[in-house]
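Visitor: The structure that follows is given in the form of structure tokens.
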Amino acid sequence: MIEEQSVIKVGMADLNVGSQEKVIRTTGLGSCVGLTLYDPEKKLGGMAHVMLPSSEIAREGKLNIAKFADTAIPELLSRLLNLGAIRNRIVAKMAGGSQMFAFAGGNDTMRIGPRNVESCKRALEELNIPLLAEDTGGSYGRTIEIACSTGLLYIRSVQKGVKEL
Amino acid sequence: MDVLKEVGNIGAGNAATALSQLLNKPIDMAVPKVQLLGFEEIAEKVGGAEELVFAVFLRVEGEAPGNLFFILSPDAARSLLSRVAGISEVSGEELSEMELSALNEIGNILAGSYLSSLADFTSLSMYPTVPALAMDMAGAILSYGLLQFGQMGDDALLIDTTFLEGQDEIEGQFFLIPDPESFPKIFKSLGVPFE
């Protein structure tokens, strides 16, 4: 399997980029969305663990831009461009955004997963980045990793095993 | 922080009593820990973001809203089921509908008992919503309780209580994550200034 030293870990409300033989991984996505950007020619990849849909609701003093869909995706893009990626080759894949708990008459917080997904899609559209594949929704957690050598996104869940996008 | 620890202690004490009545034997519990933790560290408390856990989740409503999780390892969940519900052959990866339902109800009783004692102690109204059960990765489950904190920063206040039943290793954890706006109320009700 994959050597641990080549794995770049992305925590909750975090983002990172990598190249060549690196694998970028985030674990335990629930309502959060794991969004990846990839340049297939240069084999450069990036991943953001998006927690909330919009930075407009943020009340924190120092904004963590990796946390919100509308700020994380532009930041991830610029980090990837800094690494040498070519703008118009960049493609996206994403996974997560589930509803871990279903309640009758759930409030807005309950719908945070689907809202994260919508918000990520909107951000991608605004940046004109094609979304190649997604594995979103449901009511289960996911661990995902992108192989920078191939751009393949591996999704692992307790109930459904491993899936490849 | 000491005051919050005492609050957790009383809550867990009542929950432990409820559990020991269910099991008809004494239950020990650890002294609660009250910590301000980074999001990543919270999942680490149950063995990591990918660790498979059973969780009963209750949204707490009332004057001091928050999120309450009762977390069990799969082994502890099976052990608890066989002891309490008299389900002797809890085997295989998947639990049956009936087993899940029993587990949900046990979690509900314990969480309700935990919560009502907190409400008594603080004189704040706190009542649970309908419980929901999930078996999944700890990170995916717990992140749900951190969303309100996500708007404020990257840390959350966690009141973490473990209780255990001697050698039989039924070990469970209560994670209470009060909403950010609940702290001043909880502190005030206890007569402690909040900075």
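The values are calculated or read from the model by the stated rules, or taken from the named source; none is laboratory data. Values in this document were obtained by computation on a predicted structure and should not be read as measured data. Because the Cβ atoms are built from the backbone with ideal geometry, glycine has one as well, and the counts that use them run over all protein chains shown. These accessible areas exclude ligands, DNA and RNA; they are computed on the full protein's heavy atoms, side chains included. Shrake-Rupley method; radii C 1.70, N 1.55, O 1.52, S 1.80 Å.
Visitor: Averaged over A:32-39, how many beta carbons belonging to a partner chain fall within 10 Å of each residue's beta carbon?
Guide: Average per residue, whole number: 1.
Visitor: Send over the semi-axes of the range A:7-164's equivalent ellipsoid, whole angstrom and largest first, taken as the square roots of 5 times the C-alpha gyration tensor eigenvalues.
Guide: Each semi-axis is √(5λ); the values are 24, 18, 13 Å.
Visitor: OK, next. Can you work out ³J(HN,Hα) from phi for every residue in the range B:51-59, in order, using Karplus 6.51 cos²θ - 1.76 cosθ + 1.60 and θ = phi - 60°, giving whole Hz and x for Gly and Pro?
Guide: 4, 6, 9, 9, 9, 9, 10, 10, 7
Visitor: Something else about it: Roll a 1.4 Å probe over the protein heavy atoms and report the accessible area of A:K22 in Å², nearest 10.
Guide: My reading of the accessible area for A:K22 is about 80 Å².
Visitor: Same structure again: If you take the accessible area of B alone, add that of A alone, and subtract the area of the pair, what total do you get in Å², probe 1.4 Å, to the nearest 100?
Guide: About 2600 Å² of accessible surface is lost on pairing.
Visitor: Going by average Cβ density within 10 Å per residue, which order do the peptides B:119-130, A:28-39 take, highest to lowest?
Guide: A:28-39, B:119-130
Visitor: What order do B:R83, A:R142 take when sorted by accessible area (1.4 Å probe), most exposed first?
Guide: Result, largest first: B:R83, A:R142.
Visitor: May I ask for the angle, rounded to the nearest 10°, between helix A:69-82 and the longest principal axis of chain A, with both axes built from Cα atoms and the value confined to 0 to 90°?
Guide: 10 degrees
Visitor: What's the ranking of B:138-145, A:44-51 by average number of surrounding C-beta atoms within 10 Å, highest first?
Guide: Taking the mean over residues of other Cβ atoms within 10 Å, the ranking is A:44-51, B:138-145.
Visitor: Using a 1.4 angstrom probe on heavy atoms only, work out the carbon and sulfur share of the accessible area of the range A:7-164 in %.
Guide: 47 percent
Visitor: While we're looking at this one, here's another question. Need one value for B:59-69: mean number of C-beta atoms belonging to other chains within 10 Å of its residues' C-beta atoms.
Guide: The mean count of partner-chain Cβ atoms within 10 Å per residue comes to 1.
Visitor: Ok, one more. Can you tell me, using C-alpha contacts under 8 Å and at least 6 residues apart, the relative contact order of chain A as a whole percent?
Guide: 27 percent
Visitor: How many partner chain Cβ atoms sit within 10 Å of a residue's Cβ in peptide A:151-159, on average, as a whole number?
Guide: That works out to 2 on average.
Visitor: Moving to a separate point now. Past the 25 Å Cα-Cα mark, which pairs from A:K93/B:K45; B:K33/B:K188; A:K9/B:K45; A:K22/B:K45?
Guide: Beyond 25 Å: A:K93/B:K45; A:K22/B:K45.
Visitor: Turning to a different aspect of this structure: Report, by chain and number, residues whose modeled amide H sits under 5 Å from the one on A:A133, excluding near sequence neighbours (fewer than 5 apart, same chain).
Guide: When sequence neighbours closer than 5 places are left aside, the close amide H contacts are A:M94.
Visitor: Nearest 10 degrees is fine. How inclined is helix A:112-126 to the longest principal axis of chain A, computing both from alpha carbons?
Guide: That works out to roughly 40 degrees.
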